[in-house]
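Q: Below is the structure I would like to discuss, written out as structure tokens.
The values are calculated or read from the model by the stated rules, or taken from the named source; none is laboratory data. Here the structure is a predicted model, which means the values were calculated and not measured. Cβ placement follows ideal geometry from the backbone for every residue including glycine, while neighbour counts extend to all protein chains displayed. The accessibility values were calculated without ligands, DNA or RNA, using every heavy atom of the protein model including side chains. Shrake-Rupley method; radii C 1.70, N 1.55, O 1.52, S 1.80 Å.
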Amino acid sequence: ITITEDKVAPVASINNTTGTTQLNCNTTSINVTATGGGTYSWNGGLGNNASATITAAGTYTVTVTGANGCTSTASIVITSNTTTPTAGITNLTGSTVITCSVPVINVLATGGTSYSWSGGLGNIDSAAITTAGTYTVTVRGANGCASTASITVTSNTTTQSAAITNNTGATELNCTRTSISVTATGGGTYAWDNGLGSNPNQTITAPGVYVVTVTGSNG
């Protein structure tokens, strides 16, 4: 009787068809294929097929069994990076109220590598807000994970109710009425034309049309 021997172990290997060993928010699964044998057995609940899909970090080992019953193993280490970025908004203007003197609120998003604003503000980190509302920026890190930050902007563009009180009670200068006293009302600051100055109370001594511009605290 002639007895031969075949105890050659298969050459086990793992082909990473996804091309990365890190799971993140962009890559939620990694596909691998074992080679080198007749049958395969993965740990970690990956089954007994040559191909497997990995969705959690860990060390995965496949046992490859050849036709002669001999075995060998190969392993692959999978890591995970699903840390979300810390989204932030810096108010460059320093105010959240749109007024006649502050018509634009400039803001800057921070914390990521890409940005996307709501309200049509665009996809860059900086934005100019000209309308009242709540604006949200989605901040994404290099790993594809995202977080959001919001800013609420209000508006105060109410115009003042400018008025002039004629203290003298007449609008005609003559030889007996050489001046007319007037008082502007309705705002925080006043600016008269014809060189009358910025005091709300004025004395008019020459005929003409006199205009006062009344400016409130909102500009």
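Q: Could you give the nm distance between label points at Ile124 and Thr99, where each point is 7 Å from its Cα heading toward the beta carbon?
A: Placing both labels 7 Å beyond Cα along the Cβ direction yields 2.9 nm.
Q: Continuing with the same structure: What FRET efficiency, computed as 1/(1 + (r/R0)^6) with R0 = 25 Å and r the Cβ-Cβ distance, is obtained for Cys70 and Gln22, rounded to the nearest 0.05? Please report the intermediate quantities before stating the final value.
A: Values: r = 33 Å, r/R0 = 1.33.
According to the calculation, E is roughly 0.15.
Q: Find the cysteines in the chain that fail to meet the 4.7 Å Cβ criterion with every other cysteine, and list them.
A: Those would be Cys70, Cys100, Cys175, since no other cysteine Cβ in the chain comes under 4.7 Å of theirs.
Q: Oh, and also: Compute the length gained on full extension between Thr157 and Thr2: take 0.36 nm times their separation in residues and subtract their Cα-Cα distance, giving the result in nm to one decimal.
A: Details: separation 155, 0.36 × 155 = 55.80 nm, distance 10.38 nm.
Full extension of this stretch gives 45.4 nm more.
Q: Write down the accessible area per residue of the stretch 119-219 in Å², having rolled a 1.4 Å probe over the full set of protein chains.
A: 57
Q: With 10 Å bins from zero, work out the P(r) of the stretch 1-81 over every alpha carbon pair and list the percent per bin.
A: 19, 45, 22, 9, 4, 1, 0
Q: Where a ≥ b ≥ c are the square roots of the eigenvalues of the C-alpha gyration tensor, would you call the stretch 69-129 rounded, which needs a/c under 1.5, or, failing that, prolate if a/b is larger than b/c, or oblate? Could the numbers behind the result be given before it?
A: Values: a/c = 7.49, a/b = 4.62, b/c = 1.62.
Verdict is prolate for the stretch 69-129.
Q: Quote the relative contact order of the chain in percent (integer), defining contacts as alpha-carbon pairs under 8 Å separated by 6+ residues. Could you put the intermediate results ahead of the total?
A: Working: 500 pairs, mean separation 30.0, N = 219.
Dividing the mean separation by the residue count of the chain yields 14 percent.
Q: What is the mean projected area of the alpha carbon convex hull for the chain, to one decimal in square nanometres? It would help to have the intermediate numbers written out before the result.
A: Numbers: hull surface 69.8 nm².
Quarter of the Cα hull surface area: 17.4 nm².
Q: Report the Cα centroid-to-centroid distance between the stretch 89-126 and the stretch 2-17 in angstrom, as an integer.
A: 63
Q: Accessible area per residue of the stretch 1-77 at 1.4 Å probe, in Å²?
A: Details: 4500 Å² over 77 residues.
Value for the stretch 1-77: 58 Å² per residue.
Q: Run the quick spin-label model on Ser217 and Thr84: label points 7 Å from Cα toward the beta carbon, then report their separation in nm to one decimal.
A: For the pair Ser217/Thr84, the computed spacing is 3.8 nm.
Q: Another question, then. Ratio to report: Rg/Rh of the stretch 98-207, with Cα atoms as the point set and Rh obtained by the Kirkwood method; give two decimals. Don't skip to the answer; put the middle values down first.
A: Details: Rg = 25.7 Å, Rh = 18.4 Å.
On the Cα set of the stretch 98-207, Rg over Rh gives 1.40.
Q: When the chain is fully extended, how far beyond the present Cα-Cα distance does Thr55 get from Ala142, taking 0.36 nm per residue of separation? Walk me through the numbers on the way to the answer.
A: Details: separation 87, 0.36 × 87 = 31.32 nm, distance 1.92 nm.
Taking 0.36 nm per residue and subtracting the Cα distance, the gain is 29.4 nm.
Q: Hey, another quick one. Taking R0 as 41 Å, what's the FRET efficiency between Leu92 and Thr178 from their Cβ-Cβ distance, rounded to 0.05?
A: Values: r = 55 Å, r/R0 = 1.33.
Calculated transfer efficiency: 0.15.
Q: Out of the total accessible area of the chain (probe 1.4 Å, heavy atoms of protein only), what percent is carbon and sulfur? Please list the in-between numbers first.
A: Details: 6030 of 12280 Å².
Here it works out to 49 percent.
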